[in-house]
């Protein structure tokens with residue numbers, strides 16, 4: 001029987017992380033790189049794609065409130081991430097934090113859950129990228145057949161799981177392949193590529209805000225919270241299970257927050273690059289919190305301007321920001337916005353595909369995954385095998401599943417991971433109270449507890465199909481752990497270090 005609560009020694013963990021050894025990951029990222037890395041991950045499909053879905057189906061103009069609720073959950077988790085990342089500056093993110101606090105099995109569950117956040121998120125965003133590139137190329141006379149730009153499967157609350165008649169999403173596969181190649185070449189080169197893209201997409205968003213604000217019609221904000229058509233006449237359970245639940249009204253705002261939570265995924269990707277940060281104790285908190293604050297301000301502004309320009313029912317499109325610009329009559333700006341979206345989505349794919357191999361890297365170093373996942377390229381100093389495997393799986397997911405399925409699963413998995421980060425802070429404050437904390441989560445344990453409640457609350461509003469997928473994925477993960485991980489775990493095979 002595996003020792004499910006075996007923990008890593010924190011002192012040894014930090015010593016190993018700070019030691020520079022030949023063949024290890026290269027420390028080349030500063031605070032600015034990390035902030036831009038976070039912004040590169042955060043600003044993407046959430047703002048360029050999912051704003052339309054949330055506004056038209058769930059929250060209406062009150063999408064801004066959904067952004068605030070999601071931001072609150074992220075802020076609590078972000079403060080906890082900053083404390084843990086500054087204490088334990090190693091690759092692996094919350095997986096490693098969990099290993100050091102609550103034990104191996106719990107860490108495995110979180111590591112397996114993080115695959116949903118990073119790998120599935122890369123697939124999700126690449127689907128959004130496909131929609132914008134098709135929209136951009138069409139006016140140029142380049143038309144890609146719909147059968148090659150859509151997923152063969154889809155899901156919605158009415159039709160449930162069904163086929164679409166499409167064959168494969170070819171553009172989504174292409175962007176994953178390109179980004180995977182860039183990541184194999186090197187993290188510093190990837191960071192430079194990301195910095196350029198962040199500048200492009202941030203400029204595009206600012207241009208949209210500046211150009212669009214004078215076209216806002218406040219009548220489009222009335223009612224600010226559209227009425228939910230459901231009633232309690234047949235009882236609370238009947239309302240909770242009806243198709244009206246989560247579609248407008250206050251339940252719609254919270255369901256919108258759960259869906260739009262995807263828009264904030266990315267700031268935690270900063271922590272996965274801990275062993276490649278020049279000064280992780282100082283730079284990681286700056287990178288995490290700085291990117292989160294900047295993006296929250298931009299999101300609220302975009303939500304207000306977009307729903308002020310276009311009546312929210314008309315935003316059920318794959319390119320809502322472009323629709324907003326078209327509604328102003330400033331057609332010359334539409335190609336620029338689409339280019340910004342394409343660049344923005346590209347950087348998100350890059351950061352997600354950068355984060356996942358480093359989770360695999362840490363898990364393989366611990367013996368929970370095959371050694372191939374921890375191999376570092378002799379020239380490029382990157383975990384190239386895990387990067388190629390991650391890219392290959394992401395291509396497959398992007399080819400056959402739509403953004404509606406992938407995004408909700410990613411939000412659910414990420415909310416679970418964030419709740420665990422908050423729990424890890426509470427545990428470490430008790431078990432390692434004297435340990436040096438370059439950054440401390442303020443008002444602990446209230447902030448971590450608030451983060452747990454906020455994350456679990458948002459999870460309750462994600463649809464049942466995403467829950468089924470999450471549970472199925474976790475069952476597979478538990479089986480992998482007991483059939484492989486528990487048998488090959490280094491800490492399990494070295495009792496003296498337990």
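Read the figures in this text as sums done on the coordinates, not as results from a lab. No experiment lies behind these values; they were computed from the predicted model shown. All Cβ positions, glycine included, derive from the backbone under ideal geometry; neighbour counts span all protein chains shown.
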Most exposed to least, judged by fewest other Cβ atoms within 10 Å, 284, 409 sort to 409, 284
Simple SL model, points at 7 angstrom along Cα→Cβ for residue 185 and residue 278; separation in nm is 2.2 nm
With label points set 7 Å from each Cα along the Cα-to-Cβ direction at residue 475 and residue 372, the distance between them in nm comes to 2.7 nm
Length gained if residue 431 through residue 316 is fully extended, taking 0.36 nm per residue and subtracting the Cα-Cα distance, is 36.5 nm
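Please work out the FRET efficiency for the pair residue 396 and residue 326, using the Cβ-Cβ distance as r and a Förster radius of 35 Å; give the result to the nearest 0.05.
Details: r = 34 Å, r/R0 = 0.97.
It comes to 0.55.
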A correct fewest-to-most ranking of 108, 473, 332, 467 by other Cβ atoms within 10 Å would be 332, 467, 473, 108
Restricting to Cα pairs under 8 Å and 6 or more apart, the percent relative contact order of region 32-497 works out to 35 percent
Measuring from the longest principal axis of the C-alpha atoms of the chain, the long axis of helix 187-212 (C-alpha) lies at a number of degrees, nearest 10, equal to 30 degrees
Long-range alpha-carbon pairs in region 307-391, meaning those over 15 Å apart, account in percent for 67 percent
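What's the FRET efficiency of residue 140 with residue 178 using the Cβ-Cβ distance as r and R₀ = 22 Å, to the nearest 0.05? Before the final figure, lay out the partial values.
Working: r = 20 Å, r/R0 = 0.90.
After rounding, the FRET efficiency stands at 0.65.
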At q = 0.06, 0.07, 0.11, 0.13 1/Å the base-10 log of I(q)/I(0) from the Debye formula over the alpha-carbon atoms of the chain is -0.25, -0.35, -0.87, -1.22
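Given the peptides 141-147, 163-169, arrange them by the average over their residues of other C-beta atoms within 10 Å, most packed first.
Most protected by this proxy first, the peptides run 163-169, 141-147.
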Exposure-ranked with fewest Cβ neighbours within 10 Å first, 114, 315 stand as 315, 114
Packing-ranked peptide list from 299-307, 481-489, 33-41, 177-185, highest mean Cβ count within 10 angstrom first, is 33-41, 299-307, 177-185, 481-489
Yeah, region 385-467 with a ≥ b ≥ c from its alpha-carbon gyration tensor (a/c under 1.5 is rounded, else prolate when a/b outruns b/c, oblate otherwise) is oblate
With Cα coordinates, the longest principal axis of the chain makes an angle with the long axis of helix 121-137, in degrees rounded to 10, of 40 degrees
Distance in nm between residue 379 and residue 222 label points, each 7 Å along Cα→Cβ, equals 6.6 nm
Burial-style ranking of 390-399, 206-215, 349-358, average other-beta-carbon count within 10 Å with highest first, yields 349-358, 390-399, 206-215
If the chain between residue 443 and residue 484 were fully extended at 0.36 nm per residue, the gain over the current Cα-Cα distance would be 10.7 nm
